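None of the figures in this text is laboratory data; all of them are computed from the coordinates on show. These figures come from a predicted structure and were not determined experimentally. Heads up, the Cβs are rebuilt from the backbone with ideal geometry, glycines too, and the neighbour counts pull from every protein chain shown.
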Amino acid sequence: MPILEMDRAGRVFGSREARVVALDDVSLRVEHGEFLAIMGPSGSGKSTLLHLAGGLDRPTSGRVLLNGRDLASLSAAELTLALRRQVGFVFQGLNLLPTLTAAENVALPLELDGVRPRAAMSSATGLLESVGLRSVANRFPGRLSGGERQRVAIARAVVGGRAVLLADEPTGALDSISGEAVMNLLRQRCAAGCAVVLVTHDMRHAAWADRVVFLRDGRVADEAAPPGGPECLLQPGRVS
Amino acid sequence: MSVRQSLLVLLDAGPMHGYGLKTEFEAATGDVWPLNVGQVYTTLARLERDGLVSTETDTDGQKVYAVTEAGRDEVRRWFETPVAREVAPRQELAIKLVFAMRSPSADVADVVQRQRVATMRSLQEVTRLKADAEADGDLAWLLMLDALVFQAEAEARWLDMCEARLARELGERRERGTPPPRADTPAPQPIAERSS
């Protein structure tokens with residue numbers, strides 16, 4: 001069973017003359033350990049897709065299933081719990097808590113899940129090291145650069161045993177080598193069984209994915225998977 | 001460069017003389033790729049040998065070239081096949097897009113998208129090699145692979161730009177009610193009209 005599935009999902013904003021079809025009849029399956037990248041020009045529905053996948057928004061048609069459960073069938077409390085336990089978000093503008101150090105920020109979700117503080121801090125420090133931030137682990141967010149803050153936020157999103165990571169342009173403010181460190185980190189999470197959905201404009205980063213879906217005008221226009229990947233991913237096809 | 005296929009595209013609009021093909025080709029590509037006449041005639045001779053063009057002699061004793069059905073198939077195949085990164089010079093892609101705009105057998109947006117998928121695949125391959133190289137600590141190989149990645153990325157960004165330009169152009173033409181985009185140069189006239 002795929003960990004994340006969109007079944008003919010659509011999202012329409014407004015009505016009548018102001019009606020905008022942001023996403024139109026999109027079907028996608030993301031398996032455990034799979035890294036999927038979504039590309040497409042501005043306004044093609046990338047962010048809408050990610051919001052639906054993460055339960056931050058509801059489709060106006062079709063279904064979104066997390067681990068086989070239709071998100072629409074969950075109560076608000078169930079949805080919140082399911083998302084917090086299973087989904088990590090790496091969105092721009094997700095702020096760090098200013099009164100906690102970088103490492104404490106990353107450790108926080110683990111502690112909320114009941115991990116002991118010392119073990120949580122140790123995991124957090126290890127993660128920060130993997131994104132090249134070992135030396136600033138004890139600094140407060142106010143003393144970090146924009147790129148460093150972004151990487152701390154990424155480390156916080158991927159910490160713990162999340163089943164799905166949803167990332168919207170997570171490498172925006174990063175230089176090439178830091179961006180690559182982030183991609184490496186996402187790749188490692190996949191190797192550990194986590195599914196990753198990455199929305200990006202940047203082909204260099206999308207190339208880290210097992211499969212790349214191209215959106216155009218709210219529809220899936222094309223897919224690319226590298227030769228040598230699983231056979232089922234090899235057929236670039238039109239999904240309509 | 002794909003002079004062969006480009007000449008076939010030009011002939012698809014009507015039979016032409018060899019010299020006319022040279023000037024049409026140069027006009028279509030903004031004089032960026034000058035052709036010498038010898039190259040045009042050598043190419044035409046090979047196309048004729050391969051059954052992709054046929055010839056007739058006009059009243060002035062000049063050879064007039066026309067595309068055959070096999071030649072049209074060759075054009076279609078060209079537009080349907082992405083340019084391989086490793087073997088062909090990059091200019092072939094620019095030429096292909098220029099001629100796709102004037103060929104009825106090509107949908108330019110499809111040509112761009114097909115190329116994008118091909119570029120994405122080779123980027124994915126190189127990125128896998130990079131991950132291995134990183135694990136092995138092979139710095140020299142890693143730098144080489146970085147170069148390939150950024151070249152492919154440059155091509156991808158150029159394709160995005162092409163697509164955006166085409167979309168804008170198509171939108172404007174739709175508003176004006178004029179036919180879909182073609183190259184800025186006028187389409188070649190059939191020989192019969194020229195000689196009159």
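Potential lengthening of the chain between A:Leu81 and A:Val20 amounts to 18.9 nm, from the contour at 0.36 nm per residue minus the alpha-carbon distance. Across chain B, the convex hull enclosing all Cα atoms gives 134 Å³ per residue. Each part reduced to its alpha carbon centroid, the range B:1-72 and the range A:58-74 end up 58 Å apart. The mean number of Cβ atoms from other chains found within 10 Å of a Cβ in peptide A:207-215 is 4, as a whole number.
Legend: P(r) of chain A from all alpha carbon pair distances, 5 Å bins from 0, whole percents, reading 1, 6, 14, 18, 19, 16, 12, 8, 4, 1, 0, 0.
Listed peptides A:203-211, A:39-47 appear in the order A:203-211, A:39-47 once ranked by packing, highest mean of other Cβ atoms within 10 Å at the front.
Between A:Asp168 and A:Val90, A:Phe91, A:Gln92, A:Val199, the built amide H atoms are under 5 Å apart, and every one of these is 5 or more places off in sequence or on another chain.
On a full-extension model of 0.36 nm per residue, what is the gain between B:Ala70 and B:Trp141, subtracting their alpha-carbon distance, rounded to one decimal in nm?
Numbers: separation 71, 0.36 × 71 = 25.56 nm, distance 4.41 nm.
Additional length available on full extension: 21.2 nm.
Averaged over peptide A:39-46, the number of partner chain Cβ atoms lying within 10 Å of each residue's Cβ comes to 1.
Principal axis extents of the Cα atoms in the range A:11-61, from largest to smallest and rounded to whole angstrom, are 42, 22, 17. Modelled spin-label separation between B:Ala131 and A:Thr60, with each label point placed 7 Å from Cα along the Cα-to-Cβ direction: 3.8 nm. Principal axis analysis of the Cα atoms in the protein assembly as shown yields extents of 95, 58, 39 Å, listed in decreasing size. Each Cα pair under 8 Å and six or more residues apart adds its separation to the average, and for chain A the resulting relative contact order is 28 percent.
Note on the range B:1-108: the C-alpha convex hull projects to 6.6 nm² when averaged across all orientations.
Amide H to amide H, with H built 1.01 Å from N, A:Leu23 comes under 5 Å of A:Arg11, counting only residues 5 or more places away or on other chains.
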